[in-house]
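In what follows, a single structure is set out as structure tokens and then discussed.
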Amino acid sequence: MNKYFIIFLLIATCNINAQNNFNGKQLQEGYNTKNKKKFIDNFPNDFEDFKLVFGWNDKLDKPNALYSEANDFIRYFFELSSNNDNCRKTIIKIACQAKWEADAVNYFHMNLVLLVENNKNFDNMLQTLDDKDLNDFWHFYFDIENLIYSKKLYTILNDFMKEKSMSVFNILKKERSNGNKHRKLYTYQIFDKDGYCNLRKYGNAKSDIIGKIENNQEINVLDSSEDWWFIQTKEGIAGFVHKSRIK
């Protein structure tokens, strides 16, 4: 009986490998011929399959089938997602399951950030997720070495998604701060000749004022890439302050 069971396992394994090789060939053919349907139909549908196709095989210490093609294939899939809801659903599903790592997952993450920040209605698709998946999505989105909440992201999300994403971001930031207790961290404070500065809704002097921040109050800087810094007050209110008012 054991003999037959082993034979059955060998046959089953061969069939699985054959199916995976077939799918890989179909995926590659779809890309080479720019057959959009074939490419989309054979693209990995979850994170586990994504790694099996594009990732590094740690057990064998060698690349999986399409490791070298990962960047091109992933970028093409994201390009197709601009006009295909099924592509976007697959991207969201993979992101909800994903854990960041180098190479293929990093390529996926970079394209994900571009997709989210350049599609104003993307948050509508995210709102179909349950609370756990939504938390997992934003955890993957933010959980990279350079932890940042970009001002562009803040300006395109609706109020519900701003609150949800900011909550996950703050949890990650706190976890990292607790894990780096011996690391010297900068603190930022407000300093203005008037004794306070205006917190604005967007990064310009004509934008609506959503609050006032007193001098010497510490703030959390989320994005300092331009003249108007995206910050968060100690009360948790996010907005924009000109960099000249921050020390």
Scan region 130-163 for residues that are part of a loop (DSSP other than H, G, I, E, B), open to solvent by less than 20 Å² (accessible area, probe 1.4 Å) and touching a Phe, Trp or Tyr at 6+ places or on another chain (Cβ under 7 Å) and report the count. 1
Condition (residue is touching a residue at least 12 places away in the same chain (Cβ under 8 Å), of a type outside the set (Gly, Ala, Ser), open to solvent by 10 Å² or more (accessible area, probe 1.4 Å) and within 17 Å of Val168 (Cβ to Cβ)) applied to region 57-67: is it met by at least one residue? no
What are the residue pairs meeting all of these: first residue in region 136-154, first residue within 14 Å of Phe122 (Cβ to Cβ), second residue assigned to a helix (DSSP H, G or I) and of a type in the set (Asp, Glu), Cβ atoms under 6 Å, and 6 or more apart or on different chains? Lys152/Glu117; Leu153/Glu117
Look through region 4-33, keep the residues that are within 25 Å of Asp72 (Cβ to Cβ) and open to solvent by 100 Å² or more (accessible area, probe 1.4 Å), and return whichever of them is modelled with the lowest pLDDT. Phe22
Condition set open to solvent by less than 40 Å² (accessible area, probe 1.4 Å) and of a type in the set (Gly, Ala, Ser), scope region 83-114, selection nearest to Asp133 (Cα to Cα): answer is Ala95
Could you list, in sequence order, the residues of region 113-162 that are of a type in the set (D, E, K, R) and in contact with a strand residue (DSSP E or B) (Cβ under 9 Å, 6 or more places away or on another chain)? Lys151, Lys152, Lys162
Considering only residues that are polar (S, T, N, Q) and more than 24 Å from the chain's Cα centre (by Cα), which ones fall in region 31-77? Asn32, Thr33, Asn35
Per-region count, region 115-128, residues closer than 22 Å to Ala238 by Cβ, open to solvent by 30 Å² or more (accessible area, probe 1.4 Å) and not polar (S, T, N, Q): 2
Against the conditions (1) touching a residue at least 40 places away in the same chain (Cβ under 8 Å); (2) open to solvent by 50 Å² or more (accessible area, probe 1.4 Å); (3) not charged (D, E, K, R), where does Phe47 fall short? Just the number, please. (2)
Restricted to region 201-236 and to residues being touching a residue at least 40 places away in the same chain (Cβ under 8 Å) and open to solvent by less than 30 Å² (accessible area, probe 1.4 Å), the residue farthest from Lys151 (Cα to Cα) is Gln232
Can we say Ser177 is in a helix (DSSP H, G or I) and without any contact (Cβ under 8 Å) to a residue 12 or more places away in the chain? yes
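The values are calculated or read from the model by the stated rules, or taken from the named source; none is laboratory data. All figures in this text were calculated on a predicted structure; none of them were measured in a lab. Every residue, glycine as well, gets a Cβ built from its backbone with ideal geometry; the counts of neighbours run over all protein chains shown. These accessible areas exclude ligands, DNA and RNA; they are computed on the full protein's heavy atoms, side chains included. Shrake-Rupley method; radii C 1.70, N 1.55, O 1.52, S 1.80 Å.
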